[in-house]
Amino acid sequence: NYSQKSSAPFIAQNCAAIPETLFESILFGTSQGAYTGATNQAGLFEQADSGTLFLDEINSMPLHLQAKLLRVIQDGCVRRLGGSRDKRVRVRIMSAMNESPQDALANKHIREDLFYRLGIVTIKLSPLRERKEDIPLLVKYFIAYYNKIFDKQVAGIAEDVREIFLKYSWPGNVRELQHVIESAMNLIAAGRIEVGHLPIYFRDLIGQASQRGETAAIGPLSK
């Protein structure tokens, strides 16, 4: 949003969601006659030309296709499946992995040459339990988001809920926090989210952790 490409295309694709047989055609496009029923279709690189292509879970991409991806990155040209002509594209590539680079390389989930070509600038996203100062900001954002969607007037969370959130380990990270807020807002029209509005599974986890002495469960969990 703050780059010079903010007005250019932004194409996002989860690599784990693509069947292996369709990977090449989705990435690079197809030419009519490439296979039965194939039509002239632009791939993700052509769609993202002059903009940004985000490849999520790139470690799920088959290794032989990673080699083709590397060639496109190095040459700046893409050839559609079944085609005979190269097309030059200017695409900034962002990628993400759901495992550490060291594990991905050791397990041969990503080619070394591709990783070092892509990993010019790397960012590690720490789990939510290691950046709990973000929780109040995320809670505020999600409440405002669902207020708009659900047409509600929820003002925030109660103090005991805030303390629970700050002490919880959040194994599901930001998605779990979002789910908890969304679930609670289905049970309240206005005011503040109380402990009794939280999902049952979440209250059970807090109660079990409290009994084990792992975290202090504050507030009437049976409310």
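Considering the range 99-128 alone, what residues qualify as being touching a helix residue (DSSP H, G or I) at 6+ places or on another chain (Cβ under 8 Å) and not in a loop (DSSP other than H, G, I, E, B)?
First, pick out the residues of the range 99-128 that are touching a helix residue (DSSP H, G or I) at 6+ places or on another chain (Cβ under 8 Å): 99, 101, 104-105, 108-115, 117-119, 122, 127-128.
Once the filter is applied, which keeps residues that are touching a helix residue (DSSP H, G or I) at 6+ places or on another chain (Cβ under 8 Å) and not in a loop (DSSP other than H, G, I, E, B), the range 99-128 yields Pro101, Ala104, Leu105, Glu112, Asp113, Leu114, Phe115, Arg117, Leu118, Leu128.
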Neighbours by Cβ (under 6 Å, 6+ apart or cross-chain): first from the range 13-29, on the phi > 0 side of the Ramachandran plot; second of a type in the set (D, E, K, R) and open to solvent by less than 50 Å² (accessible area, probe 1.4 Å): Gly29/Glu46
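Name every residue in the range 71-96 that is assigned to a loop (DSSP other than H, G, I, E, B), within 14 Å of Leu53 (Cα to Cα) and either open to solvent by 80 Å² or more (accessible area, probe 1.4 Å) or not hydrophobic (A, V, I, L, M, F, W, C) (or both), in order of residue number.
Going through the range 71-96, the residues assigned to a loop (DSSP other than H, G, I, E, B) turn out to be 76, 80, 82-85, 89-91, 96.
Restricting the remaining residues to those that are within 14 Å of Leu53 (Cα to Cα) gives 76, 89-91, 96.
Matches in the range 71-96: Gly76, Arg90.
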Flag if Ala67 is under 20 Å from the mean Cα position of the chain (by Cα) and among the small types (Gly, Ala, Ser): no
Filtered residues of the range 1-41 (kept if open to solvent by 40 Å² or more (accessible area, probe 1.4 Å), of a type in the set (Phe, Trp, Tyr) and either modelled with pLDDT under 85 or under 22 Å from Leu63 (Cβ atoms) (or both)): Tyr35
Filtered residues of the range 135-174 (kept if open to solvent by 20 Å² or more (accessible area, probe 1.4 Å), closer than 19 Å to Ile188 by Cα and either touching a strand residue (DSSP E or B) at 6+ places or on another chain (Cβ under 8 Å) or charged (D, E, K, R) (or both)): Lys140, Asn147, Lys148, Asp151, Lys152, Gln153, Ala155, Ile157, Glu159, Asp160, Arg162
Selection status of Ser25, among the small types (Gly, Ala, Ser) and part of a helix (DSSP H, G or I): yes
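Look at the range 48-70 and say how many of its residues are under 28 Å from Lys124 (Cβ atoms) and open to solvent by 70 Å² or more (accessible area, probe 1.4 Å). Working first, answer last.
Step one: list which residues in the range 48-70 are under 28 Å from Lys124 (Cβ atoms), which gives 48, 51-63, 65-70.
Right, trim to open to solvent by 70 Å² or more (accessible area, probe 1.4 Å) and you get 63, 68.
Of the residues in the range 48-70, 2 are under 28 Å from Lys124 (Cβ atoms) and open to solvent by 70 Å² or more (accessible area, probe 1.4 Å).
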Failed condition for Ile188, given (1) open to solvent by less than 50 Å² (accessible area, probe 1.4 Å); (2) assigned to a loop (DSSP other than H, G, I, E, B); (3) within 24 Å of Arg131 (Cβ to Cβ); (4) of a type outside the set (Gly, Ala, Ser): (3)
Search result, residues across the range 175-185 that are touching a residue at least 40 places away in the same chain (Cβ under 8 Å), surrounded by 17 or more Cβ atoms within 10 Å (Cβ to Cβ) and more than 18 Å from Glu133 (Cα to Cα): Met185
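Listed here are the residues, each with its yes/no results for (1) of a type in the set (Ser, Thr, Tyr); (2) in a loop (DSSP other than H, G, I, E, B); (3) without any contact (Cβ under 8 Å) to a residue 24 or more places away in the chain.
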site: Ser7; (1), (2), (3): yes, yes, yes
site: Ile11; (1), (2), (3): no, no, no
site: Tyr35; (1), (2), (3): yes, yes, no
site: Thr39; (1), (2), (3): yes, yes, yes
site: Ser50; (1), (2), (3): yes, yes, no
site: Leu69; (1), (2), (3): no, no, no
Residue match in the range 97-115 (condition: surrounded by 15 or more Cβ atoms within 10 Å (Cβ to Cβ), in contact (Cβ under 8 Å) with a residue 40 or more places away in the chain and over 18 Å from Gln66 (Cβ atoms)): no
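Of everything in the range 31-87, what is of a type in the set (Gly, Ala, Ser) and touching a Lys or Arg at 6+ places or on another chain (Cβ under 9 Å)? Give them in sequence order.
As a first pass, look at the range 31-87 and keep what is of a type in the set (Gly, Ala, Ser): 31, 33-34, 37-38, 42-43, 48, 50-51, 60, 67, 76, 82-84.
Result: Ser31, Ala34, Ala42, Gly43, Ala48, Ser50, Gly51, Ala67, Gly76.
The values are calculated or read from the model by the stated rules, or taken from the named source; none is laboratory data. These numbers come from a predicted model, not from an experiment. Neighbour counts are summed over all protein chains in view; Cβ atoms, including those assigned to glycine, are modelled from backbone coordinates with ideal geometry. We work out accessible area using only protein heavy atoms, side chains counted, and drop any ligands, DNA or RNA first. Shrake-Rupley method; radii C 1.70, N 1.55, O 1.52, S 1.80 Å.
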